[in-house]
Amino acid sequence: MPIQQEPFWRRLATEPDVLCLVGELDLANEHLLPAVLENAQRRVAGTVRVDVSAVEFLSLQVMFQLAELHRDLHSQGRGLVLRGAGAWLVRQFALLVSDAVPAGSATPTFEAPA
């Protein structure tokens, strides 16, 4: 019998422009994330906000996908905000994007959870 999984993303009625990632983002669902991130990028004209405060596990591949989103947004003159990221994720993400955008460019913004 297949295992039923809850979706790993949602939008809140109170903040429809914030993409909330939840649970575990790993080999089981990381292949679905690019389409979700692309949709978020199309829906929002300016800065894309992704709330990661409810993420329990994040694979390295997911971090690469978020870094790619940052690179794409940066090339369009837009920004990425990761809300609720813990200190470990902030450090790891900073290492990934240091090569993703030109030197001296804006880095993603990190916010406390809402």
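Where a number appears in this text, it was derived from the coordinates with a stated rule and is not lab data. Given the structure is predicted, the values throughout are model-derived calculations rather than measurements. We place every Cβ from the backbone using ideal geometry, glycine too, and count neighbours over all the protein chains shown.
Mind listing just one residue for me: the one in segment 41-85 that is crowded, with 19+ Cβ neighbours inside 10 Å and among the small types (G, A, S) and, of those, farthest from the chain's Cα centre (by Cα)?
Among residues in segment 41-85 that are crowded, with 19+ Cβ neighbours inside 10 Å and among the small types (G, A, S), the one farthest from the chain's Cα centre (by Cα) is A85.
Counting residues that are closer than 15 Å to T109 by Cβ and touching a strand residue (DSSP E or B) at 6+ places or on another chain (Cβ under 6 Å), which strands (runs of 3 or more DSSP E) fully inside segment 9-90 reach at least 1?
Per the criteria, 15-25, 48-58, 80-83.
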